[in-house]
1. In region A:123-135, how many residues are modelled with pLDDT of 95 or more and out of contact with any Asp or Glu (no Cβ under 9 Å at 6 or more places or on another chain)?
2. List pairs: first residue in region A:91-106 and in contact (Cβ under 8 Å) with a residue 24 or more places away in the chain, second residue of a type in the set (Ser, Thr, Tyr) and not in a helix (DSSP H, G or I) anywhere in the structure, Cβ distance under 7 angstrom, at least six positions apart or on different chains.
3. Residue pairs, Cβ under 7 Å, 6 or more apart or interchain, first in region B:1-25 and without any contact (Cβ under 8 Å) to a residue 12 or more places away in the chain and of a type in the set (Ser, Thr, Tyr), second open to solvent by 40 Å² or more (accessible area, probe 1.4 Å) and in a strand (DSSP E or B). List them.
4. Please find, within region A:62-98, the residue that is most open to solvent (accessible area, probe 1.4 Å) out of those that are acidic (Asp, Glu), more than 11 Å from chain B (Cβ to nearest Cβ) and under 25 Å from B:Lys39 (Cβ atoms).
5. From the residues in region A:99-129 that are over 18 Å from the mean Cα position of the chain (by Cα), outside any strand (DSSP E or B) and among the basic types (Lys, Arg), which one is surrounded by the most Cβ atoms within 10 Å (Cβ to Cβ)?
6. For A:Gly115, are the conditions met, namely being touching a helix residue (DSSP H, G or I) at 6+ places or on another chain (Cβ under 9 Å) and either free of Cβ contacts under 8 Å to residues at least 24 places away in the same chain or not aromatic (Phe, Trp, Tyr) (or both)?
7. If you take the residues of region A:1-37 that are open to solvent by 40 Å² or more (accessible area, probe 1.4 Å) and hydroxyl-bearing (Ser, Thr, Tyr), which of them is farthest from the other protein chains (Cβ to nearest Cβ)?
8. So A:Ser87 passes all but one of these: (1) touching a residue at least 12 places away in the same chain (Cβ under 8 Å); (2) within 23 Å of B:Ile15 (Cα to Cα); (3) in a helix (DSSP H, G or I). Which condition number does it fail?
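The values are calculated or read from the model by the stated rules, or taken from the named source; none is laboratory data. These numbers were taken from a predicted model, which means no experiment stands behind them. FYI the Cβ positions are ideal-geometry reconstructions off the backbone, even for glycines, and counts take in every protein chain you see. We work out accessible area using only protein heavy atoms, side chains counted, and drop any ligands, DNA or RNA first. Shrake-Rupley method; radii C 1.70, N 1.55, O 1.52, S 1.80 Å.
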Amino acid sequence: MSEYTIVECDIEEESHLITGLKAVGFNPEFIEVHNAPATLQGYHGAGAKANVIIRKEEARRVTGCGYSDIGFEKVDGAYKAHIDRSSQTWWNKNRDTMYNHATAAKATEMAKKRGYRVTQTEEEGRIRLKLRKSY
Amino acid sequence: MKHEIDVVISDGGKIEATVNGVEGPVCKDLTKWFQKLGKMVDKGATKDMYKKEKVRIGEKVEL
């Protein structure tokens, strides 16, 4: 080994965000995608808008505690989360897992475009990708 | 060029990538595309970075 690089990633693609949301338990059938931001329903989220929305019924099934929609709004090219106070504890525990999986999807997509074979494993909350090129 | 890149993703989307199987400065080019993934926060060389690339000499000398 001879070179290391550390990069921090934002989620910019809807497909990567959905990969992350699936990883923390959301059913993709209940993930709404809106080109124009739609209004989030719920006490604390009222008035806020988002492009990717999980309605409160599905949010509650996964978080076990939420009373409003969970949303992700695209701001300056990256998704920003709208999380109600009632889901905040769950979000704090699961945020890193969601972002790690979304980032792995992004890195895998870019690596495959560059001709790498990719294998993915998980260990202690981290995701490891092996990118191999044999030519 | 045959090589392997070991990528570890942790802390909510932080990527740490290390090139294996390549010695010398050429490996800098192999990780350049990682900059397109997000904001680079650190970059550096491990000890192998300073090794010279291997040169094979096939000439046989008879005395």
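1. The total comes to 1.
2. Final answer for the pair search is A:Asn100/B:Ser10.
3. B:Ser10/A:Arg126
4. If we filter region A:62-98 for residues that are acidic (Asp, Glu), which is where we start, we get A:69, A:73, A:76, A:84, A:96.
Still in the running and more than 11 Å from chain B (Cβ to nearest Cβ): A:69, A:73, A:76, A:84.
Filter once more, so that each one left must be under 25 Å from B:Lys39 (Cβ atoms): A:73, A:76.
Values: A:Glu73: 46, A:Asp76: 157 Å².
In this case the residue turns out to be A:Asp76.
5. A:Lys112
6. Details: touching a helix residue (DSSP H, G or I) at 6+ places or on another chain (Cβ under 9 Å): no; either free of Cβ contacts under 8 Å to residues at least 24 places away in the same chain or not aromatic (Phe, Trp, Tyr) (or both): yes.
It is false that A:Gly115 is touching a helix residue (DSSP H, G or I) at 6+ places or on another chain (Cβ under 9 Å) and either free of Cβ contacts under 8 Å to residues at least 24 places away in the same chain or not aromatic (Phe, Trp, Tyr) (or both).
7. Pass one, region A:1-37, residues open to solvent by 40 Å² or more (accessible area, probe 1.4 Å): A:1, A:4, A:8, A:10, A:12-15, A:19, A:22-23, A:27-30, A:32-37.
Now narrow it down to the ones that are hydroxyl-bearing (Ser, Thr, Tyr): A:4, A:15, A:19.
Numbers: A:Tyr4: 5, A:Ser15: 15, A:Thr19: 12 Å.
Filtering first and then ranking leaves A:Ser15.
8. So A:Ser87 meets the others, but not (2).
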